[in-house]
Amino acid sequence: MPDSEHRLAGLDLIRGIAVLGIALMNVASFALPPAAYDNPVAYGPASPRDLAIWAIEFLLVDGKLRALFSMLFGASLLLVADRAEAGGRDPGTVHVRRMLWLLVIGLLHALLIWPGDILVMYALVGLAAFTFRDKPITALLVAAAMCLVAQMAAAAVALVDLGALRAAAAAPHAPAAARAAWAATLDALGPRRADAATPAMRLHDAGYGAVLADRLAQGWSTRVAQLEEAGLETLGFVLIGMAGLRSGALAAAWPRRRYARIAIACTAIGIAGEVALLGWCFASGLDPVTLSAAAILGGAPLRPLLALGYAALALLLASQGALAMRLRAVGRMALSGYVGTSILFSLLFDGYGLGLYGRLTRAELLLPVAMLWLGLLLACPLWLRHFRHGPLEWLWRSLARGAAQPMRRKAIAI
């Protein structure tokens with residue numbers, strides 16, 4: 001296999017792993033009230049099995065594979081621009097068209113299927129990241145570090161305000177307004193009760209018209225909140241991915257021994273830090289403020305480490321074999337897989353489908369995730385034997401180029 005193809009295969013492999021891992025985390029957003037994503041005892045008691053699953057996800061998955069996917073987005077951004085330039089096209093024009101159409105796809109996804117969409121943020125971050133295209137590797141990494149630190153600092157300020165609100169509410173003779181404000185905040189962070197009459201339950205039990213009306217009413221507020229919470233962090237991860245491609249790290253161009261050192265060091269340090277944070281969470285009795293603090297402290301320093309460790313491990317150990325082939329196929333159809341997952345989960349959990357929202361435990365959610373994984377690993381290679389691109393990848397490419405692109409092809413090995 002030519003080296004360039006091998007490099008693309010490596011990126012596709014890592015992207016496939018990231019797509020499956022993100023689905024594992026996103027299912028909670030489809031199936032459980034918002035606070036339950038971070039707080040395992042929100043919305044009712046959790047069994048030891050549920051707590052164990054939450055702990056494993058906290059240690060190994062939550063935020064790490066999103067960071068990894070964002071890095072790959074940055075690497076792909078450069079690959080497309082470089083190929084456009086090599087083909088005689090203006091790379092800036094090509095990039096802007098791609099990001100604007102991704103923005104449209106993301107807005108439709110957020111409005112019609114799932115408000116937790118991340119494509120809008122990727123499109124906007126991608127537009128900003130392109131200004132760094134010609135920067136040296138060191139400048140990319142410095143800018144990435146600044147973005148991550150700035151995001152963590154902003155979140156820390158919000159956490160300090162949260163602590164001040166709790167202290168004010170707990171003070172002797174605290175005003176009723178302070179106590180009410182803290183009670184509302186605490187309920188949002190982690191209500192410890194199961195109540196089918198909550199607004200979230202009522203909305204998700206309603207028909208599609210009510211759900212769509214709610215999303216329209218929210219307008220841009222959800223997207224703005226997402227950018228405030230994770231925009232700078234995502235830009236930092238994208239810049240790390242750009243540096244990773246330029247350095248050859250994400251292009252499978254380094255010696256295997258170097259990948260082994262990175263995999264061992266990054267995963268060991270990252271997991272050790274996450275274990276310490278997890279111990280802090282359990283020692284607090286899973287206090288919702290502590291859970292928020294742990295997520296913030298684990299963001300900038302630990303997620304990039306574990307994402308890089310996972311990338312190195314994937315390139316080191318899983319470049320060949322049937323599973324690697326299937327993961328590469330999932331990675332090549334990442335956009336279709338992401339949106340398809342949203343369609344499947346919304347039909348499974350919302351009232352206009354099977355209506356299972358709020359009715360399954362965290363452990364029980366592993367079954368639909370496993371079925372989704374199996375479906376993607378079986379269907380994506382089969383699709384790519386007959387077609388050049390996934391359906392949404394083809395649509396995105398055709399829209400960005402202003403003409404329908406070739407789709408069908410002869411069956412070939414993937």
So residue 174, is it part of a loop (DSSP other than H, G, I, E, B), among the aliphatic types (A, V, I, L, M) and at pLDDT 70 or above: yes
Residue within segment 261-270 that is out of contact with any Asp or Glu (no Cβ under 6 Å at 6 or more places or on another chain) and under 16 Å from residue 129 (Cβ atoms) present: no
Enumerate the pairs (first residue in segment 339-362 and in a helix (DSSP H, G or I); second residue anywhere and of a type in the set (Gly, Ala, Ser)) with beta-carbon separation below 7 Å, excluding pairs fewer than 6 apart on the same chain, so at least 6 apart or on different chains. 341/23; 346/353; 347/353; 349/31
Inspect segment 376-387 for any residue being within 22 Å of residue 84 (Cα to Cα), basic (Lys, Arg) and surrounded by fewer than 16 Cβ atoms within 10 Å (Cβ to Cβ) and give the result as yes or no. no
Got at least one residue in segment 367-379 being touching a residue at least 40 places away in the same chain (Cβ under 8 Å) and assigned to a loop (DSSP other than H, G, I, E, B)? no
List the residue pairs whose Cβ atoms are under 6 Å apart, where the first residue sits in segment 91-108 and is in a helix (DSSP H, G or I), the second is among the charged types (D, E, K, R), and the two are 6 or more positions apart or on different chains. 91/85; 106/117
Could you check, for segment 391-405, whether at least one of its residues is under 30 Å from residue 35 (Cα atoms), modelled with pLDDT of 95 or more and part of a helix (DSSP H, G or I)? no
Subset of segment 310-328 [out of contact with any Lys or Arg (no Cβ under 9 Å at 6 or more places or on another chain) and either buried (at least 23 other Cβ atoms within 10 Å of the Cβ) or not hydroxyl-bearing (Ser, Thr, Tyr) (or both)]: 311, 313, 314, 317, 318, 320, 321, 322, 323, 324, 325, 326
Quick one: count up the residues across segment 136-157 that are under 15 Å from residue 241 (Cβ atoms) and touching a residue at least 40 places away in the same chain (Cβ under 8 Å). 8
Can you find, within segment 207-222, the residue that is nearest to residue 118 (Cα to Cα) among those that are surrounded by 13 or more Cβ atoms within 10 Å (Cβ to Cβ) and touching a Leu at 6+ places or on another chain (Cβ under 8 Å)? 215
For segment 366-380, does any single residue satisfy the condition of being closer than 22 Å to residue 207 by Cβ and either among the aliphatic types (A, V, I, L, M) or under 18 Å from the mean Cα position of the chain (by Cα) (or both)? no
Name the residue that is farthest from residue 112 (Cα to Cα), counting only residues in segment 225-252 that are surrounded by fewer than 14 Cβ atoms within 10 Å (Cβ to Cβ) and modelled with pLDDT under 90. 228
Enumeration of residues in segment 342-352 that are crowded, with 23+ Cβ neighbours inside 10 Å and within 17 Å of the chain's Cα centre (by Cα): 345
Among the listed residues 86, 67, which satisfies the condition of being free of Cβ contacts under 8 Å to residues at least 40 places away in the same chain and under 29 Å from residue 315 (Cα atoms)? 86
Failed condition for residue 194, given (1) assigned to a loop (DSSP other than H, G, I, E, B); (2) modelled with pLDDT of 75 or more; (3) surrounded by 13 or more Cβ atoms within 10 Å (Cβ to Cβ), with all others met? (2)
Do you know which residues across segment 8-45 are at positive phi and among the polar types (S, T, N, Q)? none
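The values are calculated or read from the model by the stated rules, or taken from the named source; none is laboratory data. These figures come from a predicted structure and were not determined experimentally. Note that we place each Cβ from the backbone using ideal geometry, even for glycine, and neighbour counts take in every protein chain shown.
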